[in-house]
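What follows draws every value from the coordinates through simple rules; no lab data is involved. Bear in mind that the values here come from a model prediction, so they are computed numbers and not experimental data. Positions of Cβ are generated from backbone atoms using ideal geometry, with glycine treated the same way; all protein chains shown enter the neighbour counts.
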Amino acid sequence: MNEYDLIKLRIKEICENYDKSSIGGWITGDGPIPADIMFIGEAPGKNEVESGKPFVGMAGKTFEEYLNSIGLSRKDVRITNTCFFRPIKINLSKSGKTTISNRPPKISEVNLFKEVLDKEIKLVNPKIIITLGNVPLKRLTNFKSIGECHGKLIYDDILKKHIFPMYHPSSLTYNRNDSFKEMYKNDWNLLKNAITNMKGR
Ligand code: URA
């Protein structure tokens, strides 16, 4: 069994041993290993679990659109998550109907995958890691919020890697104003520049 098979097996073990009522399936990362560019999201949703791949739902569509806009496609980059299962909450309506919705992963849930994510990063060996949203940002750095560091290239002394924090693509869904969109687009252009400069190293 190779190193990546071991990572996948460990993810499977963690998920299968976790409280079944708190999760709605699980996935692993997608894309080449090794890869110079690695995106790390929060956790999969329903569409991701159904297709077995990260970022294929609504947020994934936004993500891919912007990725393509800077001349990259999914096959060029590694995409993974901070939490590999879909965290869910079960809502019971007054009429007794149950519905399932996504929820952000708890810190304890993120911590379950600390070791496997670190191993995946080591194996992928990227030149740049792009964190999407607050969950991967807080997991990998000491920043308290994406608002203070998005669009900046940061060198992480512990990981010995460049990290480029970005807003999560789903933030475009609830921040529809033009200035946010402009800022988000600009961050992707800054990422393009950071990647171009990195190629020269
Ligand atoms: N949002 C994430 O953070 N990860 C996914 O895989 C899908 C949506």
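Please list the three semi-axes, largest first and in whole Å, of the ellipsoid equivalent to the stretch 130-171, using sqrt of 5 times the eigenvalues of its alpha carbon gyration tensor.
Rounded to whole Å, the semi-axes are 16, 10, 9.
From the mean inverse distance of alpha carbon pairs (Kirkwood) and the Cα radius of gyration, derive Rg over Rh for the stretch 87-201.
1.06
In the stretch 22-58, whose amide N lies under 15 Å from the spot 7 Å out along Cα-to-Cβ of N68? List them in ranges.
Output list for this probe position: 56-58.
Could you work out the Rg to Rh ratio of the stretch 3-199, with Rh taken as the Kirkwood radius (inverse of the mean 1/r over all Cα pairs)?
Expressed as Rg/Rh, it is 0.96.
Is there a quick way to get the dipole size of the stretch 3-199? I mean about its Cα centre, with the Cβ of Lys and Arg at +1 and of Asp and Glu at -1; what is the value in debye to the nearest 20?
That gives a dipole near 360 debye.
At a threshold of 8 angstrom on Cα-Cα distance, excluding pairs fewer than six apart, so keeping six or more, what relative contact order does the stretch 70-133 reach in percent?
27
With unit charges on the beta carbon (Lys/Arg positive, Asp/Glu negative), name the residue among P126, L153, F55 whose Cα is farthest towards the positive pole of the charge dipole of the stretch 21-161.
F55
Tell me what the chain gives for mean residue ellipticity at 222 nm when only DSSP H runs of n ≥ 4 count, each as -39,500 (n - 2.57), the sum divided by the residue total, rounded to 500 deg cm²/dmol.
Per the formula, -12000 deg cm²/dmol.
Based on the mean of other Cβ atoms within 10 Å per residue, sort peptides 162-170, 77-85 so the most packed one is first.
The densest-packed peptide leads the list: 77-85, 162-170.
Can you check what the net charge comes to around A43, using other residues whose Cβ is under 10 Å from the Cβ of A43 (Lys, Arg +1; Asp, Glu -1)?
Here the count lands on -1.
In the chain, with Lys and Arg counted as +1 and Asp and Glu as -1 at Cβ, which of these residues, W188, Y167, L67, has the Cα nearest the positive end of the dipole, that is, farthest along it?
Of the listed residues, the answer is Y167.
Of all beta bridges DSSP finds with both residues in the chain, what is the antiparallel percent, to the nearest 5?
Antiparallel bridges: around 45 percent, rounded to the nearest 5.
If I take every Cα pair under 8 Å that is 6 or more residues apart in the chain, average their sequence separation and divide by the length, what percent do I get for the relative contact order?
This gives 23 percent for the chain.
Can you give me the convex hull volume of the Cα atoms of the stretch 4-44, divided per residue and expressed in Å³?
Hull volume over Cα atoms, normalised by residue count, gives 72 Å³.
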